[in-house]
Each structure stands twice: as C-alpha cells, then as structure tokens.
C-alpha cells in the first residue's frame with residue numbers, strides 16, 4: 001500500500017498533522033506502537049495552552065493553536081474542556097520584574113494580549129496568594145487549558161473523517177530509502193510505500209533517525225505531574241512561579257473544569273533518560289512550594305502522580321523542517337515539553353510545507369525551528 005505521507009507517531013504532533021494534511025487533500029498514514037491516539041507522552045501533559053512566550057515563532061505558532069482549541073467545540077462539536085483562564089506569572093524578585101517587563105514589547109508586537117500589572121491585580125486573579133514581597137506580574141488573558149486526551153481524540157476523529165488512516169499496535173522499524181531518498185517504511189508487521197515520512201516520534205526520534213544513519217539532536221528527560229481531588233473552583237488561571245529552588249526551576253498549576261488542581265515542576269538538574277517511574281522527591285518538593293505561594297492549597301488531597309518524557313533539543317525549541325541528507329524526511333519533533341500547545345499550529349505549517357504551499361509566517365517559523373540552525377542559548381521565557 002502506498003500513501004502520500006506517512007507519519008511516525010500518533011501523539012500531540014502526529015495526529016493534528018494528519019488532520020492538517022488530510023484537510024489539504026493528501027492521504028496520510030499514521031503509525032504508532034501504542035493501542036490508540038495519545039498513549040505515548042500526550043497523556044502525560046497537564047493541559048496548559050499558552051502563546052505567552054518570548055520567541056516570535058513560538059508566539060505565532062501558539063496563537064494559531066489557541067484559535068484552534070478555543071473554537072473547536074463551536075466548529076466541530078467536541079468538548080475538549082477548553083478553559084480560557086489565562087496565564088499569570090507572579091513575581092517576587094526585582095530581576096524577574098525587569099525580565100518580564102522587558103519581554104512585553106516583542107510579545108505585544110506579535111499579537112499577545114498581555115500586560116504587567118501590580119500586586120492587587122495578581123491577588124484578584126489568584127485569591128489567597130502569598131502577598132509577602134509580591135511585586136506584580138504578567139497576565140495574558142487569552143491563554144488557557146484543555147484536556148490532552150480529549151483534544152487528541154477529537155483531532156483523530158476529524159482526521160479519520162477526512163480520509164487519514166491510522167495503524168496502532170505497530171512499530172516502525174526502519175525508514176526505507178533508495179539513493180538517500182525516502183521510498184517507504186518497514187514496520188514489525190509489513191511495509192508501506194511513500195515519498196514523504198514525517199518524524200513526529202518525540203523522544204523516540206533519535207532511534208528513528210538511526211535507521212537512516214542520521215543523528216537527531218534530542219535528549220529525553222522527564223517531568224512529573226499530579227492531580228488532586230476536585231474542589232469548588234476558586235481560581236481559573238495557570239499560575240507559573242518562575243523562581244528557582246533547590247532541585248527545581250519553575251513550577252506551575254491550575255484548576256481544571258472538574259475543580260481538580262493539576263500541577264508540574266521542572267527538575268534541576270534535569271532527569272535524563274526514558275525511565276518513567278515516579279520519584280519520591282516530587283510531591284514533597286512541589287507541594288511545599290505551592291503551599292508557600294498559595295496557602296489555601298494545603299488541605300487538598302493528591303489523587304495521582306505520573307512521569308512523562310520531554311524530547312529536549314539543545315536550545316529548547318522544536319526541530320521543524322526537511323532533512324538535508326535524506327530527501328523526503330521531514331522533522332516535526334523535539335517539542336521540549338510544549339508539544340500540546342505548539343502542535344495544532346505546527347501541524348498546519350508542516351502540512352503546507354509538505355504540500356508546497358508554505359506562506360510567509362510558515363517560512364519564519366521554519367527558519368527559527370530549522371534542524372540545521374545554530375543551537376545557542378535558550379528562550380528567555382521557556
């Protein structure tokens with residue numbers, strides 16, 4: 001069987017990419033080793049969706065993602081639990097005040113609805129926040145949250161309706177090439193023909209690359225998340241505390257539509273590798289920080305914890321674009337823990353690029369996220 005495009009991975013990136021390709025009239029096949037969509041790292045995401053970045057390519061991409069998520073139920077009927085709660089970055093340190101204020105010009109230039117506000121406005125957005133030393137913060141009201149699994153399955157159903165095919169419980173073992181040109185894939189079950197393979201394999205992209213003797217600069221690391229029992233809603237926004245502490249960088253949390261508080265922390269140093277067993281350090285570490293920031297959280301009971309993999313690149317930005325060694329191999333990977341929020345926007349850029357109809361905004365995004373860029377520094381507001 002031959003397809004216009006074959007996508008490796010049915011997760012946060014692969015599924016909307018299949019949908020976007022099918023919307024352009026192409027026939028994609030998505031192959032995934034798991035039994036259904038989103039069963040790799042998608043289900044480990046906590047659901048935050050923000051365009052509040054400091055890198056223009058990410059801002060533009062995530063603004064489009066926000067449009068897709070926020071209008072999905074109206075246009076397609078599926079409830080993906082979109083909640084327009086905004087993102088709030090409260091700050092307590094003078095350097096953080098200057099950093100966030102310094103980013104406003106580029107954020108507003110590229111269309112963000114964001115402002116730096118004083119302590120009273122932050123306290124209104126986060127009732128009960130620790131006022132001691134609070135200097136204000138940024139509020140971006142158009143950001144929000146969704147259910148990762150509800151969203152990926154909504155995209156999956158639409159992709160199917162448009163003619164995309166999905167093969168689950170099937171693992172890609174090799175990208176097939178002839179004279180450094182893609183001609184298909186081999187799986188643990190059979191072979192398929194295609195001239196284009198899209199690598200949306202996330203933390204498993206390096207293994208896929210090795211089948212055609214290319215190095216893909218991705219290192220998996222892991223973050224842990226958790227969810228509490230449901231309680232009456234008392235705040236809507238995603239709260240991001242960017243202050244570092246021993247063993248961690250930032251942490252973030254929000255209350256979903258069911259009243260559950262979902263939270264995550266960024267370990268420092270990072271936990272490298274593919275081990276997804278939960279650690280004993282996570283809950284004491286993050287809960288102490290959260291309760292210090294918002295004391296009314298202290299009596300909530302945690303229902304479940306989990307650990308997922310982030311496919312990290314050297315500079316914290318994705319790898320998007322054609323491979324220069326293997327004709328027909330397109331990279332859409334290395335989302336660095338931001339795949340859920342980037343993916344719908346990235347998917348459209350990828351689809352137009354494959355179809356040969358990339359626009360000016362696509363070209364800006366592709367240049368910034370090129371797999372062949374010089375990897376230097378990291379985004380200020382990662």
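Please treat every number below as a calculation from the coordinates, not as lab data. Predicted model only: the values in this text are computed from it and were never measured. Positions of Cβ are generated from backbone atoms using ideal geometry, with glycine treated the same way; all protein chains shown enter the neighbour counts.
Angle check, please: helix 282-293 long axis (alpha carbons) against the longest principal axis of the chain (alpha carbons), in degrees 0 to 90, nearest 10.
40
Between region 268-294 and region 132-169, what is the separation of their alpha carbon centroids in Å?
24
In percent, how large is the relative contact order of region 155-215, given Cα pairs closer than 8 Å and 6 or more residues apart?
Working: 67 pairs, mean separation 15.3, N = 61.
It rounds to 25 percent for region 155-215.
If R₀ is 30 angstrom, what is the calculated FRET efficiency for the pair residue 372 and residue 2, using the beta carbon separation as r and rounding to 0.05?
Details: r = 29 Å, r/R0 = 0.97.
Working from the Cβ atoms, E equals 0.55.
Using Cα atoms only, what is the angle between the long axis of helix 94-109 and the major principal axis of the chain, expressed in degrees (0 to 90) to the nearest 10?
50
In degrees, nearest 10, range 0 to 90: what is the angle between the Cα axis of helix 339-355 and the longest Cα principal axis of the chain?
In the chain, helix 339-355 runs at an angle near 30 degrees to the longest axis.
From Cα pairs below 8 angstrom and at least 6 apart in sequence, can you work out the relative contact order of the chain, rounded to a whole percent? Walk me through the numbers on the way to the answer.
Numbers: 866 pairs, mean separation 89.0, N = 382.
23 percent.
What are the extents of the Cα atoms of the chain along their three principal axes, listed from largest to smallest and rounded to whole Å?
Taking the Cα atoms of the chain, the three principal extents are 65, 42, 41 Å.
Going by a ≥ b ≥ c, the root eigenvalues of the Cα gyration tensor, does region 45-178 fall in the rounded group (a/c under 1.5), the prolate group (a/b larger than b/c) or the oblate group?
Details: a/c = 2.55, a/b = 2.00, b/c = 1.27.
Verdict is prolate for region 45-178.
Does region 1-45 classify as rounded, prolate or oblate by the C-alpha gyration tensor (a ≥ b ≥ c root eigenvalues; a/c under 1.5 gives rounded; else a/b over b/c gives prolate, otherwise oblate)? Show your work: numbers first, answer last.
Values: a/c = 3.45, a/b = 1.69, b/c = 2.04.
Here region 1-45 falls in the oblate category.
If I take every Cα pair under 8 Å that is 6 or more residues apart in region 171-325, average their sequence separation and divide by the length, what percent do I get for the relative contact order?
Details: 260 pairs, mean separation 36.8, N = 155.
After rounding, I find 24 percent.
Ranking request for peptides 216-227, 97-108: highest mean number of other beta-carbon atoms within 10 Å first, then the rest in descending order.
Values: 216-227: 20.4, 97-108: 15.4.
In decreasing order of mean packing, 216-227, 97-108 become 216-227, 97-108.
Whole Å is fine, so just give me how far the alpha carbon centre of region 303-353 lies from that of region 18-92.
Value for the Cα centre distance between the two parts: 12 Å.
State the antiparallel share, in %, of DSSP beta bridges confined to the chain, rounding to the nearest 5.
Antiparallel bridges make up about 75 percent of those DSSP assigns within the chain.
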